[in-house]
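For reference, the structure discussed in these notes is given below.
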Amino acid sequence: MKNIYSKIYSFNKKILIKTVNWLKRGNLAGLPTETVYGLAANAYSRNAVKKIFRLKKRTLKNPLIVHYFSFERAKKDVIFNNSFFKLYKKFCPGPITFVLKKNKISKITSLTTANLKTVAIRFPSHKVTRSILKNLNFPLAMPSANVSSKLSPVNAIEVSENFKKKLKLIIDGGNSKVGIESTVVDLSGKPKILRPGVLSPLDIKKVLRVSFSKKNSKIKAPGMMKKHYSPGIPIFFCKKPKNSKHAYIVFGKKYKNISNYFNLSKKADLKEAAANLYKTMRKIKKKGYKKIFVSKIPNNGPGIAINDRLIRASK
Ligand code: TXA
Ligand code: MG
């Protein structure tokens, strides 16, 4: 049988060197992060970044997040401020992205930032991607490794299924522990949360005065499109299915083990539920269900991000 899938590598010293050289030559790589898997390329190279947009079928109007090993490496690319340092100290490396003003001397290609005057930067905590970033002399533009508007992948096999042979190198870093995309905070003006994540608005508010409104998310981030994170089948929110032909995503102890029930967290842990969200939606799709119903999920902590993704997926 012909192998139609991309190559998945286990991580070791030899593969580290191979990946670093591969990225230096302007190629794309599928890399693990603690949130979701990313599709990485040299953020300073227009040609390399162009390949990301093409492979993802992403509109050029939607800017990419630039990933660094540490803030020292981002000095020339963005203008830092106090709010940034407060959040960086508390949460980095980790599942949070900062939108900052772009530095005039920055080498980040305008393609990465969709011509905006700001840049979104992130410091992922996953060991594999950190050691790759450490060995590069440029940062990595890295959106989630899925075709635009589809579900983000949380393991190497899902990345390979998304792009087949068109992506030649994927590093296996196990399952992404967080399971949903990073929290995006805009610090280029008055601090504002653009995309909720497992770090909830309350977590951020403990460090910084910051606003969060579902409405303002659509203005600032071009990528905050309504239809997003879609498993490819209709989702009905806060509704119970009428029969067992439809899948039912539930949360908490009170639900029994029924074949069409998919419990995000039996022990009602919202962090665990976030980690299971995309995995569960994929499983349901693979099993051949044509509709997904979702029970009510508490709208606090990581639950805010879960509801955000479910609402967008149901559009
Ligand atoms: O967890 C994550 O953030 C993952 C991993 C791979 O790091 N990445 C990710 O990237 O989710 P992506 O491209 O799927 O989502 C990035 C979001 C988009 O909604 C984009 O519009 C927004 O960040 N964004 C990027 N640059 C921006 C900017 N300068 N201003 C406002 N929003 C920006
Ligand atoms: Mg994405």
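The values are calculated or read from the model by the stated rules, or taken from the named source; none is laboratory data. In this text, all values refer to a predicted model and were calculated from it rather than measured experimentally. Using ideal geometry, Cβ is built from the backbone for each residue, glycine included, and neighbour counts are taken over all protein chains shown. These area figures cover heavy atoms from the full protein model, side chains too; ligands, DNA and RNA do not enter into them. Shrake-Rupley method; radii C 1.70, N 1.55, O 1.52, S 1.80 Å.
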A careful count of residues in the stretch 130-154 that are away from ligand 2 (no atom under 16 Å from the Cβ) and under 18 Å from ILE15 (Cα atoms) gives 8
Would you check if there is a residue in the stretch 148-168 being buried (at least 24 other Cβ atoms within 10 Å of the Cβ), of a type outside the set (Gly, Ala, Ser), within 13 Å of ligand 1 (Cβ to nearest atom) and over 27 Å from VAL20 (Cβ atoms)? yes
Tell me which of these THR97 doesn't satisfy, since it passes every other one: (1) outside any helix (DSSP H, G or I); (2) open to solvent by 40 Å² or more (accessible area, probe 1.4 Å). (2)
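Looking at the stretch 139-148, can you tell me whether even one residue there is touching a Lys or Arg at 6+ places or on another chain (Cβ under 6 Å), of a type in the set (S, T, N, Q) and in contact (Cβ under 8 Å) with a residue 24 or more places away in the chain?
yes
Checking the conditions here, which among LEU60, LEU64, LEU39 is surrounded by fewer than 24 Cβ atoms within 10 Å (Cβ to Cβ) and either near ligand 1 (Cβ under 9 Å from one of its atoms) or under 23 Å from ASN146 (Cα atoms) (or both)? Explain how you work it out, then say what you get.
Working: LEU64 fails: surrounded by fewer than 24 Cβ atoms within 10 Å (Cβ to Cβ); LEU39 fails: surrounded by fewer than 24 Cβ atoms within 10 Å (Cβ to Cβ).
Answer to the check: LEU60.
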Determine which single condition VAL159 fails, assuming it passes every other condition in (1) within 16 Å of ligand 2 (Cβ to nearest atom); (2) part of a loop (DSSP other than H, G, I, E, B); (3) closer than 30 Å to ASP269 by Cα. (2)
